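Where a number appears in this text, it was derived from the coordinates with a stated rule and is not lab data. Computed from a predicted model, the values in this text were never measured in an experiment. Glycine also receives a Cβ, built like all others from the backbone with ideal geometry; neighbour counts cover every protein chain displayed.
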Ligand code: 5AD
Ligand code: SF4
């Protein structure tokens, strides 16, 4: 038997990169690779990169410097190591990566991962291989499915890509260029994927897409299904207790999604709905295609469907021409919504985007100051949200052993980590927990009822805040 070759893959950026990395591992396993945690031991190192902000892509080149040393070390001991750059930097920079870092053997864009075995073979016969096309065929028909062992090793919560790419063209964003235009996977394929996950112990599925609520995949009836209808179908799959989806655009929240939040207890009441700015003038310059009023109306529709729904968002500070007044409008919007969590970033011009042509007007010092002020407000809202949970009994889906002996960690409906002292048997169960205290971002509590036996697995029960 041939000794397996070792693969080390390091992902940066979004959840879709985490998912893509798993599919690359599944595909290369079929080629005789096994995964290793150490780049030094690997025969193949893949950097799965992110291009969303400048810092993210800079990291790739510094990491390549480190991997080069590992490759040289391997060569000295007579072992050949290949290096591949995948992801959005690969897509955006293509051959330029090999010019800047000749140590790289393969450059592969996100739509070509199913060609990895052939690209590697080309590199192994002495060449360099670069593929950044958007091939006509659907890569999902070619990428290998995860084996049962791999699914179980990855835990009880899984991502499934249902949609990829974006047609919104926000002026600051590289995604429409690196991931291409919106494509939705057919319902039947997604149902198959989720059933396979459920059969191997997965209890929570997060549907992912760059603009996931623009989903319009072909249904079994031959019609285009919206995300809400897909969620209704997935909620019927036995074993799946929790459903989530990310990331959504406010313009694409249609009625089936609101209905799904009203009808499906498995659909978690926590929605990531980026707004980016609280100023209509800046939203227009960003080509967001919605106003602050539109965003507030969408929030009201969600809250009308489920009063316990909570939101997270993304914000950019220091977009070209953002005045102090525009920034104050962002603070005012955050104050009005009361987020459970949010991410905020300094504007970073991305080559090739329309905003990169705009004159940058906000000084670095002002940008830093605005970021600090926004993050302070968001942190205070997040703390208030977490503190409000203390003293309540909520459902927690248990995921893994904690750092301290005897501790098991799970997540509430709002993705708050919750720790209890319990037997590892409860991993994969949803159980009510009385929350007692907060340590930074983690809640500590006690099981509110004795854990059921393994044969008596529950599905999601309702969330009882304030009990
Ligand atoms: N500069 C700063 N932040 C950006 N984002 C996307 N592009 C940029 C950029 N050029 C942020 C947005 C988006 C999140 C994923 O990253 O807030 O929602
Ligand atoms: Fe980028 Fe999101 Fe705008 Fe699409 S909707 S262009 S992914 S920020």
- Task: Determine the percent antiparallel among the DSSP beta bridges restricted to the chain, to the nearest 5.
- Result: 35 percent
- Note on the structure: Taking Cα atoms only, Rg over Rh for the chain with Rh from the Kirkwood formula is 0.97
- Query: Using the count of nearby Cβ atoms within 10 Å as a rough guide to exposure, how do 319, 270 rank from fewest to most?
  - Reply: 270, 319
- Message: Once you order the gyration tensor axes a ≥ b ≥ c over the Cα atoms, which shape class does the stretch 1-146 get: rounded for a/c under 1.5, otherwise prolate or oblate by comparing a/b with b/c?
- Response: rounded
- Note on the structure: Quotient of Cα radius of gyration and Kirkwood radius for the stretch 248-391, i.e. Rg/Rh, equals 1.00
- Item | Three-way shape label, the stretch 65-172, alpha-carbon gyration tensor, a/c 1.5 | oblate
- Message: Quick check on the stretch 128-280: take the gyration tensor over C-alpha atoms, sort the square-rooted eigenvalues as a ≥ b ≥ c, and tell me if it's rounded (a/c under 1.5), prolate or oblate.
- Response: oblate
- Message: Below 8 Å between Cα atoms, with a sequence gap of 6+, how large is the relative contact order for the stretch 1-102 in percent?
- Response: 30 percent
- Can you tell me the relative contact order of the chain? Whole percent, Cα pairs under 8 Å, sequence separation 6 or more. 9 percent
